[in-house]
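Presented below is the structure to which this report refers.
Computed from the coordinates by the stated procedures, all read-outs in this text should not be read as laboratory data. As the structure is a computational prediction, the values presented were derived from the model and not from experiment.
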Amino acid sequence: MGYGEIMFGALTDIFNKIDSSWSDSRLARYQALFEHAPAGYFVLHPDSRIASANATAVALSETAADKLAGLAFSDLITPDSRPALARLLGQNEPVCVQFKRTGQWLRLTTAGSPDDDSIFLIATEIATEPGN
């Protein structure tokens, strides 16, 4: 398990415990950890359209945050990477995909969803083309 997965798991645990007694500043600290994490976090709707992304995910995709919202995640990756994405979403198997815009290879994993409807993708950069 990589750093991105560990950090995401910790943040998910924290966000699951949020209640009305939390101060705005306490909540803001944890939201900042999510937003500025070293791994890219994409939150997808059940139909694989992007609901939100943290700053690292925006940078990795080289797509403005407002343009990411509502975009199908598969539109960000090369056609050759789409079967790998399907394996990830269908079998929860970590995969490597290539972004269309940058040609960059990313390792994708999923993490548990607090609401069971969203899909959380964790993206970490890798230097060379992997074997899928």
Note down the Stokes-Einstein diffusion coefficient of segment 27-91 in µm²/s, whole number, using a Kirkwood radius over alpha carbon pairs, 25 °C, and 0.890 mPa s. 196
Under the rule of at least 5 residues apart or a separate chain, name every residue whose amide H is placed under 5 Å from the amide H of ILE77. LYS100
